[in-house]
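Below you'll find the structure, written out as structure tokens, and then a few comments.
The values are calculated or read from the model by the stated rules, or taken from the named source; none is laboratory data. This is a predicted model, so every value here is computed, not measured. Glycine gets a Cβ as well: all are built from the backbone with ideal geometry, and neighbour counts include every protein chain shown.
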Amino acid sequence: MFLTYKPFRVRLIIKAYRLMDIQTLETWLWNAACAIRGPVDAPKFKDYILPLVFLKRLSDVFEDELTELGESAKYVDEDHQLVRFYIPKEARWEHLARRTTNLGEALTDAVRAVARHNPRLHGVIDTVDFNATAAGQRILADEKLRLLFEELSKHRLGLHDVEPDILGRAYEYLLRKFAEGQGQSAGEFYTPREVAILMAHILDPQPGEEIYDPACGSGGLLIKTFLRFKDRYGETIHDNGTRLVIPPHIDPLHFFGQEINPATFAIARMNAFIHDMEAEIALGDTMLRPAFLHSDGSFRRFHKVTANPMWNQTFPLTTYEQDTYGRFGFGIPPSSSADWGWIQHMFVSLTDGGKMAVVLDTGAVSRGSGNQGSNRERNIRKAFVERDLVEAVVLLPENLFYNTTAPGIILVLNKAKSRKGEVLLINASQAFAKGRPKNYLTEDHIATIADVYLNWREVGANEDLPLVSKIITNEEAARNDYNLSPSRYAALNNKEEVLLLEEAMVLLREAEEERAEADRELREVFLQLGLR
């Protein structure tokens, strides 16, 4: 299933307004959730809150666009092309606020009317029936809906009120707060925004490029890449305020993403709509049924690839052994961790001069090194190093991600490396600000890490920076059995590497898998010898 979005190009005056901060957003969403506490299970809160947040965002942006149009606004009901999304009168927030009865019916009719007038929103905004019943009774009575509606009415979500990724931020918070009841974790669907911004700096998108995320979640990585592009190539025009536009001579970016979870897929579509991105979003299992193929079945290739797939995902070996797309030429990953399966999928999705950045757990660049005998992940890593495809590894701080306190790494592969035979390792494990409950990267941290990567420089522990970096040769990586962990080469405060519990568990599962394979081979030898 594909959805393609073509942006409505509009030049808006954006003044210096104060945007809603994250604490205000989270308090607001928490109060909204409390308004429907009781009749709705906590994991389902987002199913009711997010469509209404989206409707309010669309309604408030529509009102802002009417203001910007001035006298031309009176023609909007006849010419819907004047605005990005036309919101019929019965679906506008102010009209709904005046309803005193049958609010559930009115809200359901409203989201369906929006989808009817904007076919691109069909299946995005109209997925919830606010008037639904169970066992003959309303799931969410009008009294509770009214409380929710009134809470969501307390803040504007217009062009000048919130950052564009408001839906992604709201989704992240609701997942982190409530999704555990469904056996999910927020980290599966949403990458911390500062990590996404850092990856966008690393990828450094250029005009006309096509950007792909095979596990796009709510679309955060694609969006941050788009915003980085606008920051770099947009022009700020002063006209009683400021506006950021992409000049017509700059070729736009084109975005592609695939997501397996239908609800998260819908959020990615909402995000693409709100940002006016030229995007194709596909629903489906990337590993089993990759969506972006040519008519002959070959892979479509992209200039840049970015992703934060689920770490150490388990797939049966048949996923790789029976692959018909030729993705795993560097080796079959262990069933205990799909990290190097995702890496290989992303790699074959790159153009000849393409670059990719992927967020994984730290074990992806170190597991298996130094072990006696063979190891699948180490052997795949060895093949990438020997072909001079690994450009950089960035070690991130602990406690950034929503589903784990463990640090992660950003692995950068580049088919057109400028520094042949070398790998840049950045230990940024101390580049963070303490937060509650999660740590975070500041703008200065992001700028520092990006500068070290983009300018390819070594930073010593004696410099007044929150990181150290080291450039190693491929031969040095080989001498260390292809361990690419930055902390091994660029230590902070002489700290030695400590094996994390998550990595130890993956190693244990991989050892058990190898033992089972050895047992099978031994049984076959016994059978051939006539022994049982």
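Does segment 332-341 contain any residue that is hydroxyl-bearing (Ser, Thr, Tyr) and either free of Cβ contacts under 8 Å to residues at least 40 places away in the same chain or closer than 21 Å to Asn414 by Cβ (or both)?
Checked against the condition, which is being hydroxyl-bearing (Ser, Thr, Tyr) and either free of Cβ contacts under 8 Å to residues at least 40 places away in the same chain or closer than 21 Å to Asn414 by Cβ (or both), segment 332-341 yields no hits at all.
What number of residues within segment 92-117 satisfy the criterion of being touching a Ser or Thr at 6+ places or on another chain (Cβ under 7 Å) and surrounded by 15 or more Cβ atoms within 10 Å (Cβ to Cβ)?
2
Go through segment 405-427 and give me each residue that's at pLDDT below 95 and closer than 16 Å to Val468 by Cβ.
Selection gives Pro407 alone.
Residue under question is Phe299, and the condition is that it be farther than 30 Å from Thr405 by Cβ, surrounded by fewer than 18 Cβ atoms within 10 Å (Cβ to Cβ) and out of contact with any Cys (no Cβ under 7 Å at 6 or more places or on another chain); does it hold?
Here the answer is yes, as Phe299 does meet what is asked.
Of these, Gly363, Gly353, which one is surrounded by fewer than 19 Cβ atoms within 10 Å (Cβ to Cβ) and either at negative phi or touching a residue at least 12 places away in the same chain (Cβ under 8 Å) (or both)?
Within the list Gly363, Gly353, the selection yields Gly353.
Please work out which one of (1) farther than 19 Å from Asp47 by Cα; (2) under 14 Å from the mean Cα position of the chain (by Cα); (3) modelled with pLDDT under 90 is the condition Ala266 fails and give its number.
Tallying (1) farther than 19 Å from Asp47 by Cα; (2) under 14 Å from the mean Cα position of the chain (by Cα); (3) modelled with pLDDT under 90, Ala266 fails exactly one: (1).
For Lys355, are the conditions met, namely being assigned to a strand (DSSP E or B) and out of contact with any Ser or Thr (no Cβ under 6 Å at 6 or more places or on another chain)?
So Lys355 fits the description; yes.
Pick out the one residue from Pro262, Pro248 that is under 30 Å from Asp126 (Cβ atoms) and not aromatic (Phe, Trp, Tyr).
Pro262
Got a sec? Which of Val412, Val394, Val390, Val452 is aliphatic (A, V, I, L, M), assigned by TED's automatic domain parsing to the domain that holds Trp340, touching a residue at least 12 places away in the same chain (Cβ under 8 Å) and more than 16 Å from Leu198 (Cα to Cα)?
The conditions single out Val390.
Yes or no, residue by residue, for (1) assigned to a loop (DSSP other than H, G, I, E, B); (2) over 15 Å from Val359 (Cβ atoms):
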position: Ser374; (1), (2): yes, yes
position: Phe384; (1), (2): no, yes
position: Val394; (1), (2): no, no
position: Asn403; (1), (2): yes, no
position: Ile409; (1), (2): no, no
position: Arg419; (1), (2): yes, yes
position: Ala431; (1), (2): yes, yes
position: Arg436; (1), (2): yes, yes
position: His445; (1), (2): no, yes
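Which members of segment 298-344 meet the condition of being among the aromatic types (Phe, Trp, Tyr) and touching a strand residue (DSSP E or B) at 6+ places or on another chain (Cβ under 6 Å)?
Answer for segment 298-344, where residues must be among the aromatic types (Phe, Trp, Tyr) and touching a strand residue (DSSP E or B) at 6+ places or on another chain (Cβ under 6 Å): Phe302, Trp311.
Among what's in segment 118-164 and is touching a Lys or Arg at 6+ places or on another chain (Cβ under 7 Å) and within 26 Å of Thr225 (Cα to Cα), pick the residue that is surrounded by the fewest Cβ atoms within 10 Å (Cβ to Cβ).
His160
Looking at segment 312-323, I want the residues that are over 25 Å from Ile409 (Cβ atoms) and in the same structural domain as Gly341 (by TED's automatic domain parsing) and have a partner that is assigned to a loop (DSSP other than H, G, I, E, B) and of a type in the set (Phe, Trp, Tyr) with Cβ atoms under 9 Å, at least 6 apart or on another chain. Which pairs are those?
Listed pairs, sorted by first residue: Glu321/Phe328.
Inspect segment 155-171 for any residue being among the hydrophobic types (A, V, I, L, M, F, W, C), over 22 Å from Glu278 (Cα atoms) and modelled with pLDDT under 95 and give the result as yes or no.
Within segment 155-171, one or more residues are among the hydrophobic types (A, V, I, L, M, F, W, C), over 22 Å from Glu278 (Cα atoms) and modelled with pLDDT under 95.
With respect to Leu50, is the statement that it is in contact with a helix residue (DSSP H, G or I) (Cβ under 7 Å, 6 or more places away or on another chain), at pLDDT below 90 and not assigned by TED's automatic domain parsing to the domain that holds Asn131 true?
In short, no.
Can you name the condition, by its number, that Leu317 falls short on among (1) within 30 Å of Ile246 (Cβ to Cβ); (2) modelled with pLDDT under 95?
(1)
For every residue, the table says whether it meets (1) modelled with pLDDT of 70 or more; (2) touching a His at 6+ places or on another chain (Cβ under 6 Å); (3) part of a loop (DSSP other than H, G, I, E, B); (4) surrounded by 13 or more Cβ atoms within 10 Å (Cβ to Cβ).
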{"residue": "Ala461", "(1), (2), (3), (4)": "yes, no, yes, yes"}
{"residue": "Ala477", "(1), (2), (3), (4)": "yes, no, no, yes"}
{"residue": "Asp481", "(1), (2), (3), (4)": "yes, no, yes, yes"}
{"residue": "Ala491", "(1), (2), (3), (4)": "yes, no, yes, yes"}
{"residue": "Glu496", "(1), (2), (3), (4)": "no, no, yes, no"}
{"residue": "Val506", "(1), (2), (3), (4)": "no, no, no, yes"}
{"residue": "Glu513", "(1), (2), (3), (4)": "no, no, no, yes"}
{"residue": "Asp519", "(1), (2), (3), (4)": "no, no, no, no"}
{"residue": "Glu524", "(1), (2), (3), (4)": "yes, no, no, no"}
